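What follows draws every value from the coordinates through simple rules; no lab data is involved. If you're wondering where the values come from, they're calculated on a predicted model, not measured in any experiment. Glycine also receives a Cβ, built like all others from the backbone with ideal geometry; neighbour counts cover every protein chain displayed.
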Amino acid sequence: SKSIVAVVGRPNVGKSTFFNKVAGKRISIVEDTPGVTRDRIYAEAEWLGNSFTLIDTGGIEPFSKDIILQQMRLQAELAIETADVIIFMVDGREGITAADYEVANMLRKSNRPTLLVVNKIETKKLESNIFEFYNLGLGDPIAISAKQGLGLGDLLDEVVKLF
Ligand code: GDP
Ligand code: MG
């Protein structure tokens, strides 16, 4: 059956922006308010002849760090259960947070194929920001800019290799 790719990560890292770029339509809601995506949203996508279902995850608007963490744990658990490939997205401008470490640990222990994606890397200068993400223990970070559409092809190459 068709492969499932789930995008998980903290509110505001750019999951929905990425989802919309790959899905080719503006389906998921992008807001400057963190975590505005209310539900999981599905889209059919294709890369190099591989069709797959892409899942955007979000949650209700978070009131507190505790709620954000709770939602992220749930997202990660759902992704671990249902996805063939998990894209764990982090914010290349903000750096690693405690919540990132927690989710990274869950994903690593699950042994699900996971790609660590560092978003918001638009410039050469920002590229050196990706190195700290090696500390998450999920292998080589992949730099993209979902907004500018940079690095998406290379990332999707890695995704379909894992099917
Ligand atoms: P989500 O909460 O993870 O789904 O994040 P969104 O996709 O809703 O994006 C949150 C904010 O980050 C929005 O203001 C986006 O425009 C912005 N954003 C998303 N991708 C990028 C990117 O590649 N570069 C920059 N600079 N901003 C981005
Ligand atoms: Mg979203």
Expected sort for I144, I80, I96, I55 with the fewest Cβ neighbours (10 Å cutoff) up front is I96, I80, I55, I144
Please state the relative contact order of segment 3-161 as a whole percent: Cα pairs under 8 Å, 6+ residues apart? 24
Against the rule of thumb 2.2 N^0.38 Å, how large the Cα Rg of the chain comes out: 0.93
Check cross-link reach from K65 to the lysines: straight Cα distance under 29 Å, and skip same-chain residues fewer than eight apart. K15, K21, K109, K120, K147
Note down the nm distance, to one decimal, between modelled labels 7 Å out along Cα→Cβ at T123 and at S110. 3.5
